[in-house]
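Here, each number is a calculation from the coordinates, and none is a lab measurement. Bear in mind the structure is a predicted one, so any value in this text is a computation, not a measurement. Virtual Cβ from ideal backbone geometry, glycine too; neighbours counted across all protein chains shown.
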């Protein structure tokens, strides 16, 4: 097993220099697990921020040869759980296949005061691609 951490140049860069956006775990059988740090995005509202987060996640996955179809787990942090349907509507635009395992939490705030949503994911890519 080999582990590498990075911030792909082809994706939006992290908002802080104190973390890596992607942990890539290469398995002995040739498969790859990708662990993405929590992502936030700028935007005027929840839908716009959610869309921006998924666009960043998509770019991070692509930089590692994966797609949104490879997502197996998603954790979402919302500052207002009553807006879950609004978030879920945008999520369905990006995760169109069988839904991954999922947890959603309401939190009082995120590390940026204007952030309404933060999403972290795990993706798995089989050895055969």
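Taking every DSSP beta bridge with both residues inside the chain, roughly what % is antiparallel (nearest 5)? Each step should come with its number before you reach the end.
Values: 23 of 29 bridges.
Among the beta bridges of the chain, antiparallel pairing accounts for roughly 80 percent.
Calculate the translational D of the range 74-129 in whole µm² s⁻¹ from Stokes-Einstein, where the hydrodynamic radius comes from the Kirkwood formula applied to all Cα pairs, the temperature is 4 °C and the viscosity 1.567 mPa s.
Rounded, D is 102 µm²/s.
With everything on Cα atoms, drop me the angle between helix 84-94 and the longest principal axis of the chain, reported from 0 to 90° to the nearest 10.
That works out to roughly 40 degrees.
Quick one: compute the contact order of the range 2-125, relative version, from alpha carbon pairs under 8 angstrom and 6+ residues apart, as a percent.
Working: 224 pairs, mean separation 38.0, N = 124.
RCO, the range 2-125: 31 percent.
For each of 98, 104, count neighbouring Cβ atoms within 10 Å of the residue's Cβ, then give the residues from fewest to most.
Fewest-to-most Cβ neighbours within 10 Å comes out as 98, 104.
Quickly estimate the mean residue ellipticity at 222 nm for the chain, helices only: each DSSP H run with n ≥ 4 gives -39500 (n - 2.57), and the total goes over all residues, rounded to 500.
-7000 deg cm²/dmol
Would you mind ranking 36, 95, 110 by Cβ crowding within 10 Å, fewest neighbours first?
Ascending Cβ contact count within 10 Å gives the list 110, 95, 36.
How far apart, in nm, are the 7 Å Cα→Cβ label points at residue 73 and residue 48?
According to this spin-label approximation, the distance is 3.3 nm.
How would 77, 18, 87 line up from fewest to most surrounding beta-carbon atoms within 10 angstrom?
Ordered from fewest to most neighbouring Cβ atoms within 10 Å, 77, 18, 87 come out as 18, 77, 87.
Write down Rg/Rh for the range 27-124, rounded to two decimals, with Rg from the C-alpha atoms and Rh from the Kirkwood relation over Cα pairs.
0.97
Roughly what angle does helix 46-62 make with the longest principal axis of the chain, taking Cα atoms, 0 to 90 degrees, to the nearest 10?
10
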